[in-house]
1. Taking region 16-41, which residues are of a type in the set (Gly, Ala, Ser), farther than 10 Å from Gly168 by Cβ and either modelled with pLDDT of 70 or more or surrounded by 13 or more Cβ atoms within 10 Å (Cβ to Cβ) (or both)?
2. Pairs needed: first member in region 104-123, in a loop (DSSP other than H, G, I, E, B); second member anywhere, open to solvent by 70 Å² or more (accessible area, probe 1.4 Å); C-beta distance under 9 Å; at least 6 residues apart or different chains.
3. Restricting the search to region 86-120, which residues are surrounded by 15 or more Cβ atoms within 10 Å (Cβ to Cβ) and under 26 Å from Glu140 (Cα atoms)?
4. Just to be sure I understand, how many residues within region 91-135 are under 28 Å from Val78 (Cα atoms) and aliphatic (A, V, I, L, M)?
5. Inspect all residues belonging to region 145-164 and state whether any of them is at pLDDT below 85 and among the hydroxyl-bearing types (Ser, Thr, Tyr).
6. Starting from residues that are in contact (Cβ under 8 Å) with a residue 24 or more places away in the chain and of a type in the set (Val, Ile, Thr), keep the ones in region 124-160 and report whichever is farthest from Tyr80 (Cα to Cα).
7. Identify all residues within region 144-156 that are open to solvent by 70 Å² or more (accessible area, probe 1.4 Å) and either within 17 Å of Asp53 (Cα to Cα) or polar (S, T, N, Q) (or both); write none if there are none.
8. Output yes when any residue across region 92-109 is modelled with pLDDT of 90 or more, aliphatic (A, V, I, L, M) and in contact with a helix residue (DSSP H, G or I) (Cβ under 9 Å, 6 or more places away or on another chain), and no when none is.
Amino acid sequence: MSGHKCSYPWDLQDRYAQDKSVVNKMQQKYWETKQAFIKATGKKEDEHVVASDADLDAKLELFHSIQRTCLDLSKAIVLYQKRICFLSQEENELGKFLRSQGFQDKTRAGKMMQATGKALCFSSQQRLALRNPLCRFHQEVETFRHRAISDTWLTVNRMEQCRTEYRGALLWMKDVSQELDPDLYKQMEKFRKITP
């Protein structure tokens, strides 16, 4: 026997289904691309579709607001830590300077400089004590940002892709329904009846 393969009707049916699915995939990609283009260019979308997504869009805006706020909070904490360290260092230097000048001055002003210097050094140490809770807080904000917000961001991206596919399918259905408009065929029939 030769290596020729027989073709049965179900083989042809499978081949037809595969060809049809390729055409369907091409059509689907066309409408998805058209929807993505509409979104990217900022063209006006169907008002009913946009209105149906209003609740989702409000939640997405809230998510983006939380995302921006966490980033701003993280930057503010880092800046606050730097400023606390700088202020504490300057305060400690001033305290040391006043104490050393107070030891040299044997008058009542010298004693006041010593007391003020000692208070400034103590204050700078207390200010540095704020750094540990701030570091812990910064770490927690960063953990939240990298875990919760990143995971949510991935989910949002997948949802946006599904929404684009869904809206593309709606565009396709709208296009097909306009082609199948019975009123249009009635108008065509009137036109055909008028012309002899």
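1. Within region 16-41, the first condition is being of a type in the set (Gly, Ala, Ser), and the residues that meet it are 17, 21, 36, 40.
Applying the additional criterion that residues be farther than 10 Å from Gly168 by Cβ yields 17, 21, 40.
Within region 16-41, Ser21, Ala40 meet the criteria.
2. Asp105/Lys111
3. Ser88
4. In the first step, residues of region 91-135 are kept if they are under 28 Å from Val78 (Cα atoms); the result is 91-96, 119-135.
If we keep only those that are aliphatic (A, V, I, L, M) as well, we get 94, 119-120, 128-130, 134.
Number satisfying all stated conditions: 7.
5. yes
6. If we take residues in region 124-160 being in contact (Cβ under 8 Å) with a residue 24 or more places away in the chain and of a type in the set (Val, Ile, Thr), then Val156 is farthest from Tyr80 (Cα to Cα).
7. Step one: list which residues in region 144-156 are open to solvent by 70 Å² or more (accessible area, probe 1.4 Å), which gives 144, 146-147, 151, 153-155.
Within region 144-156, just Thr155 meets the criteria.
8. Within region 92-109 (the criterion being modelled with pLDDT of 90 or more, aliphatic (A, V, I, L, M) and in contact with a helix residue (DSSP H, G or I) (Cβ under 9 Å, 6 or more places away or on another chain)), the answer is yes, since at least one residue qualifies.
The values are calculated or read from the model by the stated rules, or taken from the named source; none is laboratory data. What you see is a predicted model, and the numbers here were worked out from it, not measured in a lab. A quick note on method: Cβ atoms are made from the backbone with ideal geometry, for glycine too, and the neighbour counts reach across all protein chains shown. Side chains are part of the model used for accessible areas, which takes the heavy atoms of the whole protein and leaves out ligands, DNA and RNA. Shrake-Rupley method; radii C 1.70, N 1.55, O 1.52, S 1.80 Å.
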